[in-house]
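The values are calculated or read from the model by the stated rules, or taken from the named source; none is laboratory data. Note that the structure is a prediction, hence the values are computed from the model and not measured. So basically every Cβ, Gly included, is an ideal-geometry build from the backbone, and we count neighbours across all protein chains shown.
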Amino acid sequence: SAAPAADGSASDVEKKDVSEMAPLVGIIMGSDSDLPTMRPAAQILEQFGVPFELTIVSAHRTPDRMFEYARSAHRRGLKAIIAGAGGAAHLPGMVAALTPLPVIGVPVKGRCLDGVDSLHSIVQMPRGVPVATVAINNSDNAALLAVRIIGASCPTYLHAMEQYMDDMRTGVEKKIERLSV
Ligand code: RP5
C-alpha cells in the first residue's frame, strides 16, 4: 500500500478504516488547550493508518485517571504513548513511571516562558525512567517516532516509513533542482 507523502498530503494514501481496530498508540494531553498542538500527531497517525486513541489526562487535575490510564495501557494493547503537556509538565514523566511502554513527551508552549518550562519539565527525567522528548510543539515528530517504534516489529509500518523518507528526500531534491535553474 502507498505511504503518506512527506509533505503531509494524503492524495496517494490508501485510506484504511482503522477506527474499528484496537488502538496501538495513545495520545494524551494535560488539557483541551493542548489540542491544537497535539492534533498534528493524530493526523500523522491517520496518514500512516495507525489506530490510535486521543484523550485528556491531567497529572494534576485528574491524578487517579492518570494512574488508571498508564497502568492499563499495555494490557489494552497500546505499544507507545504520546503525552503532551505544558508548564509544570509532569504528565509524560509520571506516565513513564507507571507503564513499561515507551513514552514520547511533547513540550507544549504555554503563554509564558516560550515553552522552555515544559521542555525542561519533560526532558530532565531521572536516570531509569526515560521519556523520549521531542522539540517544543512538535507533535508531528512524536507521531513519526511512534510509527518507527511500531515499525521495528511490524513490516507494514516499517515500509511506510521508508516510503515517507523517500518522498521527503525527493521533495527536497525537487526544490534543489528548481533553485539551480
Ligand atoms: C498543563 O497546563 C496542560 O498540559 C496545559 O498545557 C497547561 C495549561 O492548561 P489550561 O489551564 O489551559 O487548561 O497541565
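Inside region 108-120, residues that are more than 9 Å from the ligand (Cβ to nearest atom) and either part of a helix (DSSP H, G or I) or acidic (Asp, Glu) (or both) make up a count of 7. The number of residues in region 42-57 being touching a strand residue (DSSP E or B) at 6+ places or on another chain (Cβ under 8 Å), surrounded by 13 or more Cβ atoms within 10 Å (Cβ to Cβ) and among the polar types (S, T, N, Q) comes to 0.
Per the conditions (1) in contact with a helix residue (DSSP H, G or I) (Cβ under 9 Å, 6 or more places away or on another chain); (2) within 16 Å of the ligand (Cβ to nearest atom), the sole criterion not satisfied by residue 151 is (2). Looking across 113, 91, one residue alone is farther than 20 Å from residue 47 by Cβ, surrounded by fewer than 22 Cβ atoms within 10 Å (Cβ to Cβ) and either free of Cβ contacts under 8 Å to residues at least 12 places away in the same chain or not polar (S, T, N, Q) (or both). It is 113.
Selection of region 121-144 for residues being assigned to a helix (DSSP H, G or I) and either in contact (Cβ under 8 Å) with a residue 12 or more places away in the chain or at positive phi (or both) yields 121, 122, 123, 139, 140, 142, 143, 144.
Taken together, 101, 78, 158 contain a single residue that is under 23 Å from residue 23 (Cα atoms) and in contact with a His (Cβ under 7 Å, 6 or more places away or on another chain), which is 101.
In region 15-26, what residues are closer than 23 Å to residue 67 by Cα and free of Cβ contacts under 8 Å to residues at least 60 places away in the same chain? Answer for region 15-26, where residues must be closer than 23 Å to residue 67 by Cα and free of Cβ contacts under 8 Å to residues at least 60 places away in the same chain: 22, 23, 26.
Within region 145-157, does at least one residue satisfy the condition of being hydroxyl-bearing (Ser, Thr, Tyr) and assigned to a loop (DSSP other than H, G, I, E, B)?
Step one: list which residues in region 145-157 are hydroxyl-bearing (Ser, Thr, Tyr), which gives 153, 156-157.
Retained after the next criterion (residues that are assigned to a loop (DSSP other than H, G, I, E, B)): 153.
Checked against the condition, which is being hydroxyl-bearing (Ser, Thr, Tyr) and assigned to a loop (DSSP other than H, G, I, E, B), region 145-157 yields at least one hit.
Is it the case, given these coordinates, that residue 172 is more than 12 Å from the ligand (Cβ to nearest atom), modelled with pLDDT under 95 and either out of contact with any helix residue (DSSP H, G or I) (no Cβ under 8 Å at 6 or more places or on another chain) or not aliphatic (A, V, I, L, M) (or both)? No; evaluated as a whole, the condition is false for this residue. For residue 139, the conditions (1) over 19 Å from the mean Cα position of the chain (by Cα); (2) surrounded by 16 or more Cβ atoms within 10 Å (Cβ to Cβ); (3) within 30 Å of residue 93 (Cα to Cα) all hold with the exception of (1). Pairs meeting the criteria (first residue in region 29-45 and closer than 13 Å to residue 55 by Cβ, second residue aromatic (Phe, Trp, Tyr), beta carbons under 7 Å, at least 6 apart or on different chains) are 42/52. Take the conditions (1) of a type in the set (A, V, I, L, M, F, W, C); (2) touching a strand residue (DSSP E or B) at 6+ places or on another chain (Cβ under 6 Å); (3) surrounded by fewer than 12 Cβ atoms within 10 Å (Cβ to Cβ); residue 172 misses just one of them, which is (2).
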